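Below is one structure, written out as structure tokens; comments come after it.
A short reminder: the numbers here are calculations on the coordinates, not readings from a lab. These figures come from a predicted structure and were not determined experimentally. Ideal geometry is used to build each Cβ from the backbone, glycine not excepted, and the neighbour counts take in all protein chains shown.
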Amino acid sequence: MPKIAIIYGSGLGRTKHMAESIAEGVKTIEGVDILLEDAYDVKIEDVRDTDAFILGGSTYNYKLIKSMDPFLKEMEKLELKGKVGAAFGSHGWSGEGVPTLIKKMKSFGMNVIEPGVTAIHVPDKATLERSFKLGRGVAQGLTN
Ligand SMILES: Cc1cc2nc3c(=O)[nH]c(=O)nc-3n(C[C@H](O)[C@H](O)[C@H](O)COP(=O)(O)O)c2cc1C
């Protein structure tokens, strides 16, 4: 069964909310395994067999939220060439989080779906809908 990992870093719960909508979208497609986890809690062994990574991260002090750093370091050790990636996250003004995640995944040789989904501060209904559709779209792609 194809597997999607949604891993996020979120300080105030806004990117987490987007992650939950993405997961709801994934769940509409049968036959896909899903892992939804805060980057603080995820164990690298749990994502070793993942086909697609949907990574989320907000922006603090003009950088991707720090809680994603240890996970990204661990991820680097996996064989990720040709795997699917997508990014999402909330920010306030400069928004480095999502582009940083996209750049990282590309550096791992992954096929990244762009531009990803972004929210300004609290994600509104339309953004949550885009998040849901991202999850569903990635899941559909893996089961086709
Ligand atoms: C201390 C602090 C620093 C922040 N720095 C930035 C920043 O440099 N650029 C930016 O776009 N947003 C910045 N933000 C805004 C957050 O990215 C925004 O509030 C976002 O919605 C937080 O999402 P989260 O709950 O998923 O962490 C900052 C917020 C705080 C509280």
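Numbers for the structure displayed
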{"item": "Cβ crowding within 10 Å averaged over residues, with 23-30, 83-90, 41-48 ranked highest first", "result": "83-90, 23-30, 41-48"}
{"item": "Between the stretch 1-45 and the stretch 65-111, the alpha-carbon center distance in angstrom", "result": "14"}
{"item": "In nm, spacing of pseudo-spin labels at Asp38 and His121 (7 Å Cα→C-beta vector)", "result": "2.3"}
{"item": "Estimated 222 nm signal from helices in the chain, with DSSP H stretches of n ≥ 4 weighted -39500 (n - 2.57), rounded to 500", "result": "-11000 deg cm²/dmol"}
{"item": "Percent RCO, i.e. relative contact order, over the stretch 3-143, from Cα pairs under 8 Å lying at least 6 residues apart", "result": "32"}
{"item": "Cα-derived Rg to Rh of the chain, Kirkwood definition", "result": "0.93"}
{"item": "Sequence ranges 113-125, 2-14, 70-82, ranked by mean other-Cβ count within 10 angstrom, highest first", "result": "2-14, 113-125, 70-82"}
{"item": "Inter-site label distance for Glu129 and Lys103 at 7 Å from Cα along Cβ, in nm", "result": "3.3"}
